[in-house]
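Since the structure comes first, as structure tokens, the remarks are kept for the end.
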Amino acid sequence: MGKNLVWKIIGERLAAGGREEGEVSLRIDQTLTQDTTGTMACLQFEATGAPRTNASRSVSYVDHNTLQVTFENADDHNYLQDTAAKYGFTFSRPGNGICHQVHLERFGVPGMTLLGSDSHTPTAGALGMLAMGAGGLDVALAMAGIPFSIPAPRVLGIELRGRLNPWVSAKDIILEILRILTVRGGVGKIIEYRGEGLSSLTVPERGTIANMGAELGATTSIFPSDEQTRLFLEARGRGGDFRPLAADEDASYDETLVIDLAKLEPMVALPHSPDNVVPVREVAGRPVDQCFIGSCTNSSYIDLARTAEIIRGRAVSPRTSLCIAPGSRQTLLMIIRDGILDVFVRAGARILESACGPCIGIGQAPSTGGVSLRTGNRNFEGRSGTPDALVHLASPETAAISAVKGVITDPRSMGERIEINLPDKFIVDDSMIIEPPEDGSGVVIRRGPNIKPLPEFHPLPDSMEGEVLLSLGDNITTDHILPAGSRIMSLRSNLPAISEYCFRPVDPDFPDRARKAGGGFIAAGANYGQGSSREHAALSPLFLGVKAIIAVSYARIHRQNLINAGILPLVFEDPSDLAKISRGDRLELAGLYSGMDDDAVEALNVSTGEVIKTRCGLSKRQREILLAGGALNAARRALEGQV
Ligand code: MIC
Ligand code: SF4
């Protein structure tokens, strides 16, 4: 049996472990950070004592909280620019674009590994990279030269057959896959796309699909590097980075799924989950207050060119607001050159900065109870900044025609297909990218008053007791645990201040209660911590005294972030035991050291007298991290040992 592409790349980059060991440690070629996870990543990189990044390229992007509504934000950006110069990172200035779009255009290289402190880093899988999201600390450690570990993945081969019909696009493919597999369907897996249907999908379209693999919970997604990849790189003056890559003809997969592209139709994810997917025709006619075309999922030139052809000569409906954010400055320059921006402005669209913006609640919060139709990847409750907004996710085609009609509209009602001819050459202008000096040792780092030191990390004790602070259901997102939005994101480098918002959407009194109780435990259902890579969703609970979580299951990145922070993530042996833990109960966990070795820890519910069996499922490396009091302590020891 031949090899699939995933294991070929793993084979090339393997530092330790393997399929049998249950974990693989990979050498990381490139890293990316973005501003709202990057300040913490840089503070942690500084704490490792490493003089300069070890990666062949580390890019520090400022693309999330670019509004600078208060000084904290601007201070953070200065800090990031200075750390980039000092430690050898390429710096992408605010306004240069969304990290995942810019990384595809300027830096991604087929066959390389990429680790990014953002859950949508897998977007670069569109180029045949093995690109993974992680907490800032894991990225900091990768920059310090420590390999990155993931559970040995199962590989899901998704075969695409046939060709898409007019008005059906890449977004509809991934929405259909989400409908089939759900937000938990990709956990523990890497998705590898294959089949003859690939040949008609350009790299940015593949990027849309790889991007939303994060919503499936997948470790990452990857496409072969083929003729489309070559064309994409050559059009951007990077033909030299091309390298053909594919699975062996007779490659085997742990699981397979076949999608017939010709059978797909325009799809939409209804509030409040990316897997709540139905065909657009089922909700056609629903009034729309706002449409947003942008985000790292659908903001490339091809997305905007199609949007322009739909709204050319038309006007945005008076009841609807249409906002458009080009994904990168390169795309912005191209749509200026090709007259597309002119079409948008004439139609009455509002043009936003090339940044994340509305996707993460930074501006354009919908009206109370408003219906928003967006081309992004997440429609979690409250994420848009309006707690009761009804956010729907769809393709740029569906969003554009709906903005014109003022109601959700199936783009197939437009009639004949609109053909877009992609330019052979794209404008290359890297003037908002700053390369670091050869020697950054003399750079003095500006640190604003909002940049606070890291918290103290303590080794895991052998026993713990305390109160159950929250008992939660399934699919709790990191937006529930530590919400985003411009105001709260400005506090990402100030743990004491941001912790005041911990669990606010679930229980606004949580920080006070946690402090009064002297910390404690959290119980939760399946897929706890899905969504973002923000390690603040682990660090804030740690800061408020959370010692362990017992859940039915976890999202990969969040579970590792908990371990990195020194919080023990336990799993119910019997998922129905979640019902045996209520808020306010007192728990006792004893014999943790031997329990971790034996993969069996008993939690005594002192309030009810019941004993609840749990598992830890920790690798040797993860046990060591917890015993050392978190990944930073463990890494410092390892790095000292190297000297
Ligand atoms: C997101 O889409 O939720 C974010 C904001 O990009 C996060 C990162 C963050 O919280 O800073 C992510 O996806 O990892
Ligand atoms: Fe930015 Fe939204 Fe993409 Fe996250 S999902 S990186 S907030 S555009």
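Just the C-alpha atoms of the range 187-237: what Rg/Rh do they give, with Rh taken as the Kirkwood radius?
1.01
Along the charge dipole of the chain, pointing to its positive end and built from +1/-1 on Cβ of Lys, Arg, Asp and Glu, which listed residue (F521, N78, A124) has its Cα farthest out?
N78
Give the Rg/Rh ratio for the chain, taking Rg as the radius of gyration of the Cα atoms and Rh as the Kirkwood radius, to two decimals.
Ratio of gyration radius to Kirkwood radius for the chain: 0.95.
Using every Cα-Cα pair within the range 427-541, state what percent have a distance larger than 16 Å.
Beyond 16 Å sits 70 percent of the P(r) for the range 427-541.
Using 7 Å Cα-to-Cβ label points, what is the V443/R623 separation (nm, one decimal)?
Calculated label separation equals 4.1 nm.
Using the crude model of +1 on Lys and Arg Cβ and -1 on Asp and Glu Cβ, and no other charge, please compute the dipole size for the chain relative to its Cα centre, in debye to 20.
1080 debye
As a check on your grasp of the helix formula, calculate [θ] at 222 nm for the chain: sum -39500 (n - 2.57) over DSSP H runs of n ≥ 4, divide by the residue count, round to the nearest 500.
Here the helix-only value at 222 nm equals -8000 deg cm²/dmol.
Starting with the highest mean, order 580-590, 404-414, 370-380 by the number of other Cβ atoms within 10 Å, averaged over the residues of each peptide.
Highest mean packing first, the order is 370-380, 404-414, 580-590.
With N residues in the range 602-643, what two-decimal value do you get for its Cα radius of gyration over 2.2 N^0.38 Å?
1.75
So for the range 478-628, averaging the separation of alpha carbon pairs under 8 Å that are six or more residues apart and normalising by length, what relative contact order in percent results?
18 percent
Could you tell me which of V69, Q44, S225 has its Cα farthest along the dipole of the chain towards the positive end, charges placed at Cβ (Lys, Arg +1; Asp, Glu -1), taken about the Cα centre?
Looking along the dipole axis, the top candidate is V69.
Please state the relative contact order of the chain as a whole percent: Cα pairs under 8 Å, 6+ residues apart?
15 percent
Excluding M1 itself, what net charge comes from residues whose Cβ is under 11 Å from its Cβ, given Lys and Arg +1 and Asp and Glu -1?
-2
Compute the Kirkwood hydrodynamic radius of the range 75-193, taking the inverse of the mean of 1/r over all pairs of distinct Cα atoms, and give it in Å to one decimal.
About 16.7 Å for the range 75-193.
Taking the Cα centre of the chain as the origin and placing charges on Cβ (Lys, Arg +1; Asp, Glu -1), which of L562, G136, L164 is farthest toward the positive end of the dipole?
Of the listed residues, the answer is L164.
Let me know the shape class of the range 315-457, please: from the alpha-carbon gyration tensor, a ≥ b ≥ c as square roots of the eigenvalues, rounded when a/c is under 1.5, otherwise prolate if a/b is greater than b/c, or oblate.
oblate
Which shape class, rounded, prolate or oblate, goes with the range 127-273 when its Cα gyration tensor gives a ≥ b ≥ c as root eigenvalues, a/c under 1.5 marks rounded, and past that a/b bigger than b/c marks prolate?
Oblate, because a/c is 1.5 or more while a/b does not exceed b/c.
Which number do you get for Rg(Cα) / (2.2 N^0.38 Å) in the range 446-498?
1.55
Can you give the three extents of the C-alpha atoms in the range 32-108 along their principal axes, from longest to shortest, in whole Å?
33, 29, 16
From the mean inverse distance of alpha carbon pairs (Kirkwood) and the Cα radius of gyration, derive Rg over Rh for the range 1-139.
Ratio of gyration radius to Kirkwood radius: 1.01.
Based on a Kirkwood Rh over C-alpha pairs, give the Stokes-Einstein translational diffusion coefficient of the range 135-193 at 20 °C and viscosity 1.002 mPa s in µm²/s.
Roughly 149 µm²/s, to the nearest whole number.
With the cut-off at 1.5 for a/c, could you classify the range 234-312 from its C-alpha gyration tensor as rounded, prolate or oblate?
oblate
What is the local net charge at E21, summed over the other residues whose Cβ is closer than 11 Å to its Cβ (Lys, Arg +1; Asp, Glu -1)?
Once all neighbours under 11 Å are counted, the net charge is +1.
Do me a favour and compute the ellipsoid semi-axes for the range 109-171 from its Cα gyration tensor, root of five times each eigenvalue, largest one first, whole Å.
Semi-axes, largest first: 29, 13, 11 Å.
The numbers here are math on the coordinates, done by the rules we state, and not lab data. Not measured: the values here are computed from a predicted model. For neighbour counting, all protein chains shown are included, and Cβ atoms are generated from backbone atoms with ideal geometry for every residue, glycine included.
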